[in-house]
Amino acid sequence: MRLVGPSGEQVGIVPLAKALELAQEYDLDLVEVAANARPPVCKLMDYGKFKYESAMKAREARKNQAHTVIKEMKLRPKIDPHDYETKKGHVERFLKQGDKVKITIMFRGREQSRPELGFRLLKRLSEDVQELGFVESSPKQDGRNMIMVLGPHKKKTEAMAEAREAQAARKGARRGDEPVPAEAERTAAASGPAADER
């Protein structure tokens with residue numbers, strides 16, 4: 001097998017017994033890193049530390065990964081103007097965060113005979129939020145409901161990056177608004193009693 005030393009140096013091609021002996025000598029583990037290579041490549045390393053570092057890398061990759069979520073907003077055809085504005089605000093927030101929004105209009109009783117009311121409401125909503133999102137799935141009747149899906153113009157990763165930048169800017173602004181650091185107050189207080197003693 002081809003052996004790689006603890007600090008990445010090439011030891012060379014050695015038999016298994018010699019590699020195990022070196023691993024005991026360095027008090028490290030013998031780990032096969034490339035089984036398909038000819039000859040197979042093994043490395044002397046602390047296996048526990050290796051597992052921990054690879055888990056941390058995987059965790060970091062998952063943290064930066066964006067999951068597109070489909071949020072749902074339910075409306076009624078005879079919605080009050082104030083309620084409409086509130087629901088529209090939620091839809092805008094979801095789109096700014098990079099999520100898709102499924103809008104459902106629920107019809108009850110005689111409202112089912114007037115699907116054009118729901119269609120007009122969905123069209124109005126899509127026009128109101130067109131700078132943030134686009135109609136991914138046009139309105140269609142599904143039993144008692146009418147459904148439309150809005151997709152964001154921004155990708156989830158872009159929205160997450162912007163949110164992080166805004167949060168960092170807010171933290172920086174808060175730090176900048178603070179009065180004189182406590183260090184200056186302490187030095188002023190320390191020099192005060194010394195002047196009195198003289």
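The values are calculated or read from the model by the stated rules, or taken from the named source; none is laboratory data. What you see is a predicted model, and the numbers here were worked out from it, not measured in a lab. Note that we place each Cβ from the backbone using ideal geometry, even for glycine, and neighbour counts take in every protein chain shown.
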Quick check on my filter: what residues within the range 4-43 are touching a Cys at 6+ places or on another chain (Cβ under 8 Å) and surrounded by 15 or more Cβ atoms within 10 Å (Cβ to Cβ)?
Val4, Ala19, Leu30, Val31
Given (1) over 30 Å from Thr157 (Cβ atoms); (2) outside the structural domain of Ser7 (by TED's automatic domain parsing); (3) without any contact (Cβ under 8 Å) to a residue 24 or more places away in the chain, index of the condition Lys49 fails:
(2)
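From the list Lys74, Lys140, Lys155, Lys100, which residue is in contact (Cβ under 8 Å) with a residue 24 or more places away in the chain and more than 24 Å from the chain's Cα centre (by Cα)?
Within the list Lys74, Lys140, Lys155, Lys100, the selection yields Lys74.
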What are the residues in the range 117-127 that are at pLDDT 90 or above and either more than 25 Å from His153 (Cβ to Cβ) or surrounded by fewer than 18 Cβ atoms within 10 Å (Cβ to Cβ) (or both), if any?
Arg120, Lys123, Arg124, Glu127
Somewhere in the range 132-151, is a residue at negative phi, in contact with a Leu (Cβ under 6 Å, 6 or more places away or on another chain) and either assigned to a loop (DSSP other than H, G, I, E, B) or of a type in the set (Phe, Trp, Tyr) (or both)?
yes
Could you name every one of the helices (runs of 4 or more DSSP H) located completely within the range 4-105 that has at least 3 residues being farther than 30 Å from Phe134 by Cβ?
16-26, 47-64
Condition first: among the β-branched types (Val, Ile, Thr), out of contact with any Gly (no Cβ under 9 Å at 6 or more places or on another chain) and at pLDDT 75 or above. Can you find one or more residues in the range 177-187 that meet it?
no
